[in-house]
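Accompanying notes for the structure given below.
The values are calculated or read from the model by the stated rules, or taken from the named source; none is laboratory data. Bear in mind that the values here come from a model prediction, so they are computed numbers and not experimental data. Neighbour counts are summed over all protein chains in view; Cβ atoms, including those assigned to glycine, are modelled from backbone coordinates with ideal geometry. With ligands, DNA and RNA removed, areas are computed over all heavy atoms of the protein, side chains included. Shrake-Rupley method; radii C 1.70, N 1.55, O 1.52, S 1.80 Å.
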Amino acid sequence: MATIIEGIGLTKRFGTGDAAVVAIDSVDIQIEERELVMIMGDSGCGKTTLISLLGCILTPDAGELRIDGEAINPENQDLSVIRRQKIGFVFQLFHLLPYLTALENVMVAMDIAKANASEAEKHSTELLTRVGLSERLHHRPAQLSGGEKQRVSFARALANRPKIIFADEPTANLDSRQSDNLMNLIQELRQEHQTTIAIVTHHQGLKENADRIIHMKDGRIVAA
């Protein structure tokens, strides 16, 4: 398999002067195509910051990032375009728009990417049906359970057919049955869409699902 994400010497600081905190400290990382990676470690070790760097939400203070063989240069590239074309995100708190239905929440991701409206509706309906929400297309987030909201989040992350999905604590708000169901779905979606998935988690029970586990401590990778 080819390397789809490569970080070399990635460093991220927050704050300035004596108050500066090094959240990511000279991290080298590689993730292969179609790999399912778990990134684990104590709270505050830098897991979320790392995937935010790899997913072009944050920019590093030092180091190099390559995605799908392309060197990423924030100074002369629009990172939002890279995110739309290659990356999907699933957030711990879902980040669904409360005034939109499940279908509209998925469609809006495609609208941002300038998709045709009828194409967006058709593709979004197919994705929500695939994640078991064909009966909930027109429900708003307040009418959905935690597990259903997370499924909408995954459908939205898949909307633009990304090569990579980053998921930040996707089972944190789910019970054990919902967590198992979600992980089964993630495995199925990975096979169907040939997607690389990197998951930040504290949940030790998820380890058996991973191709590889990356352990972090104090902003560094200590085992991979």
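Worth a mention:
- Here Ile31 does not qualify as buried (at least 22 other Cβ atoms within 10 Å of the Cβ), in contact with a helix residue (DSSP H, G or I) (Cβ under 6 Å, 6 or more places away or on another chain) and either outside any strand (DSSP E or B) or not small (Gly, Ala, Ser) (or both).
- The numbered conditions (1) open to solvent by 70 Å² or more (accessible area, probe 1.4 Å); (2) touching a helix residue (DSSP H, G or I) at 6+ places or on another chain (Cβ under 9 Å) are all true for Ala142 except (2).
- Verdict on Thr171 being under 16 Å from the mean Cα position of the chain (by Cα), at pLDDT below 90 and of a type in the set (S, T, N, Q): yes
- For segment 13-27, the tally of residues that are out of contact with any Gly (no Cβ under 8 Å at 6 or more places or on another chain) and either part of a strand (DSSP E or B) or aliphatic (A, V, I, L, M) (or both) stands at 4.
- Residue that is surrounded by the most Cβ atoms within 10 Å (Cβ to Cβ) [pool: residues in segment 154-210 that are part of a loop (DSSP other than H, G, I, E, B) and small (Gly, Ala, Ser)]: Ala159
Matching residues to (1) within 18 Å of Cys56 (Cα to Cα); (2) among the hydrophobic types (A, V, I, L, M, F, W, C); (3) open to solvent by 80 Å² or more (accessible area, probe 1.4 Å):
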position: Ala71; (1), (2), (3): yes, yes, no
position: Pro74; (1), (2), (3): yes, no, no
position: Gln77; (1), (2), (3): yes, no, no
position: Arg83; (1), (2), (3): yes, no, no
position: Phe89; (1), (2), (3): yes, yes, no
position: Glu104; (1), (2), (3): no, no, no
position: Glu126; (1), (2), (3): no, no, yes
position: Leu133; (1), (2), (3): no, yes, no
